[in-house]
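To start, the structure under review is shown below, and the notes come after it.
Any read-out appearing in this document is the output of simple, stated calculations on the displayed coordinates, not a laboratory observation. Everything numeric in this text was worked out from a predicted model, so none of it was measured. FYI the Cβ positions are ideal-geometry reconstructions off the backbone, even for glycines, and counts take in every protein chain you see.
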Protein chains: 2
Amino acid sequence: MDIKAYMTSLGRQARKAGREISRTESGKKDTALLKIAEAIESSREMLVAENRKDLDAGRKNGLDAALLDRLALNPKAIQAMVEGLEQVAALPDPVGEIIDLSYRPSGIQVGQMRVPLGVIGIIYESRPNVTVDAAALCLKSGNACILRGGSEAIHSNQAIASCIAKGLEAADLPREIVQIVATADRAAVGELITMNHYVDVIVPRGGKGLIERVSQQATIPVIKHLHGICHVYIDDKADIDKAVRIAVNAKTQRYGVCNAMETLLAAEGIARQVLPLLAEIYRQKGVELRGCLKACSLIPGCIRATEEDWHTEYLAPILSIRVVSGIDEAMEHIHCYGSAHTDTIVTEDYARARRFLREVDSSSVMVNASTRFADGFEYGLGAEIGISTDKLHARGPVGLKGLTSLKYIVLGDGHIRQ
Amino acid sequence: MDIKAYMTSLGRQARKAGREISRTESGKKDTALLKIAEAIESSREMLVAENRKDLDAGRKNGLDAALLDRLALNPKAIQAMVEGLEQVAALPDPVGEIIDLSYRPSGIQVGQMRVPLGVIGIIYESRPNVTVDAAALCLKSGNACILRGGSEAIHSNQAIASCIAKGLEAADLPREIVQIVATADRAAVGELITMNHYVDVIVPRGGKGLIERVSQQATIPVIKHLHGICHVYIDDKADIDKAVRIAVNAKTQRYGVCNAMETLLAAEGIARQVLPLLAEIYRQKGVELRGCLKACSLIPGCIRATEEDWHTEYLAPILSIRVVSGIDEAMEHIHCYGSAHTDTIVTEDYARARRFLREVDSSSVMVNASTRFADGFEYGLGAEIGISTDKLHARGPVGLKGLTSLKYIVLGDGHIRQ
């Protein structure tokens, strides 16, 4: 197989299909989403059978239990895909929205219209449900997409691809709106991320290795999520109950997620009260604590954190704890060690809340709320293609709007520039 | 001079100064802008003297008249810099604006806050006034900047830099908010566009060679303006007077600008009426016409356009003209040959105006208005750092908002995720 020629042909078809979906009416896009859902529902057995091939191969290749779990398409996972499609169909269409249209002194009206980006390349690992989620968000936002899933999920992804194609055709739309790379050859990724002529943006989803490789090698703009080193800062003006509730939820509600707290910062003036309370709860939940000297002196059994701990996204029942002098030192720590993902302050002090909100430069900055809220559904985006820790374009959870941009529109009546 | 060490030190200082300016109050930023204006006003003689060194060197090095003209800092150019600073000071501060703050079912409030990007690297050619314009926009939008002007303007830029530093210090702000690269060594550019740790976005301004080089080599996101192949499409439902007015203005109001029309598309049904009228006006103004076969048959003396003409941004009194069957062929031509900069339709037909606005994928799409309006001042942005033909982040004229991004903010009262 000539990978370059194959990918170029996908690119060319995507560009063409992208123009068509960009001007497709909302109702027709929603019909397509619901037809895809129907196709998936009526193909449950085929999907499970194809998925079994991947699972068998995975077991043979020694994939670990966690990976196999993410790879599995059981009835529950299939139902979730169907519901995801229905939810995206129910979201308002972002395309064509016009904002800030107003008259200028020259007499022209100037505004901005929300438009699709064009063609989106998505590179992801094992979870086959990403195939449907990503396709749905791209379709609804008027973009064509080229999806490249993990080689370990290739049978599952091809089976899902056939359902998507069926749904698109049932809605009288070209199947090239959603294309799934049909080769496990890694060279396909290299092509995809450098086809500037055919692809407008790349969204990598998966482990850090994948994301770093893609962002280094891509010549196309990348929307990416890199690290999630999230902080909770308990100010000395914090309400103790709220502080405990938030610090426990942020760390223990789920461990392996990017918006879980990895480092707890506690102001000197409150550390003696709050840390022992928290430590006891963490101990019951089996969270290992690593602290600075002061934290260790307040928490029995706390081991000393190293410099590396402050830089680490554990994604596990481990928490680093630092006692700081106050909000300034807390913000300095977040600036030095954080990943600009999600950081929260717990305080009843108005001025400090206001400062933290303005000065902490992260994609989500919170007051008296758990970092776990940093999520497209919780924010009301309906769904998300990922969380961006980049500064340009989309920051934080990326929903439908993140897959669009704003062009200027000008309405005149024969107006010319003087 | 160790260029790498020098640029790294600029980067480190910029990052630090960027944090300070990001939280500086609007009033203080405006004071700084006005103090810089004062410093420039009271340094007119010094500026002219330093500029003379560049002009003398330029003449010695054989710079052509156009380049020398752009390099010159005469009293009028200095006055324009002062007025530019005053205008930027008068603009509303984009930083800290909160949008879409609303309650979610969970009880948290979620919104977005406009924040600076951080550190902006700007690379530009000869015009020393860019130094002041760019610095003013970055400062007002809460960003630090590192400016790298052309080596032919180095004395002028250093003189302007000293005025900017004086103004910043008079406003009690660190001078490192605006840093101007003090070496003509080209290696400095290579460092600047790969210092991902210290620089958040690169804005190249200048000729295509510069912009292409920068975007290929930068590892930092680039906001760029590449080509300006702008079209006017005269629909067969156009009002002839408006069509003539717009097509003349779009081509002849200024020739060397990116938003001037380069290709005129005329519908078959109106070409016979409108092209001879236009050709006569263009002839009087000395515009060379290059047309398709049909256009040539309607315009005496029109020479045949080649395939290359449709791809060419003349920036000169030359115009290519194509007769098309109607709006579909016009949009197809714009898609194939355009640069997604600015395109306009002249029509009285409601449905076609609506289609053109939605379907043409350019940074500015217009109805019955001259392409020359594509400009930050005309759009009410107050000033612009450039016009972006990229799709991500900012599209079209980039003003203060284009130098910011939106972070999420979450307000709770002890809320946790269930």
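Quick look at the numbers
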| quantity | calculated |
| --- | --- |
| Per the axis that maps chain A onto chain B, nearest residue of A (Cβ criterion) and its distance in Å | A:393, 2 |
| Mean projected area (nm²) of the alpha-carbon convex hull when segment A:45-188 is viewed from all directions | 11.4 nm² |
| Difference of contour (0.36 nm per residue) and Cα-Cα distance, residue B:20 to residue B:86 | 21.5 nm |
| Inter-copy label distances at residue A:401 (7 Å, Cα→Cβ; nm, one decimal) | 1.1 |
| Relative contact order (%) - chain B, alpha-carbon pairs under 8 angstrom, separation at least six | 18 percent |
| Rule-of-thumb Rg ratio for segment A:79-130 [Cα; 2.2 N^0.38 Å; N residues] | 1.84 |
| Computed FRET value (nearest 0.05) for residue B:272 with residue A:101, which takes r as the C-beta separation and R₀ as 41 Å | 0.70 |
| Nearest-first distances (nm) between copies at residue B:306, label 7 Å from Cα via Cβ | 6.6 |
| Per-bin percent of Cα-Cα distances, segment B:212-332 [10 Å] | 14, 44, 27, 9, 5, 0 |
| Label point distance in nm, residue A:170-residue A:2, each placed 7 Å from Cα along Cα→Cβ | 3.7 nm |
| Relative contact order (percent, whole number), segment A:267-418, Cα cutoff 8 Å, 6+ residue spacing | 15 percent |
| Alpha-carbon centroid distance for the pair segment B:3-43 / segment B:288-359, whole angstrom | 45 Å |
| Sequence-separation-based contact order of segment A:59-123, relative, with Cα cut under 8 Å and 6+ spacing, percent | 20 percent |
| Stokes-Einstein D (µm²/s) once Rh is taken as the Kirkwood radius of the protein assembly as shown over alpha-carbon pairs, at 10 °C in 1.306 mPa s | 55 µm²/s |
| Peptides A:57-67, B:229-239 ordered by average Cβ neighbours within 10 Å, highest first | B:229-239, A:57-67 |
| Debye log10 I(q)/I(0) for chain A, one point scatterer per Cα, at q = 0.09, 0.13 Å⁻¹ | -0.65, -1.11 |
| Candidates A:223, A:318, A:146: whichever shows maximal mean-square fluctuation once chain A is modelled as a Gaussian network with Cα springs under 10 Å | A:318 |
| P(r) histogram, all alpha-carbon pairs of segment A:308-418 included - 10 Å bins from 0, percent | 12, 34, 28, 13, 7, 4, 1 |
| Range of Cα positions in segment A:275-322 per principal axis (Å), largest first | 25, 23, 12 |
| Segment B:45-126 - convex hull of alpha carbons, volume per residue in Å³ | 150 Å³ |
| Centroid-to-centroid separation of segment A:71-119 and segment A:376-418 [C-alpha atoms, Å] | 9 Å |
| Inter-copy spacing of residue B:183 label points, which lie 7 Å from Cα along Cα→Cβ, given in nm from shortest upward | 4.5 |
| Packing-based exposure ordering (other Cβ within 10 Å, fewest first) of B:130, A:274 | A:274, B:130 |
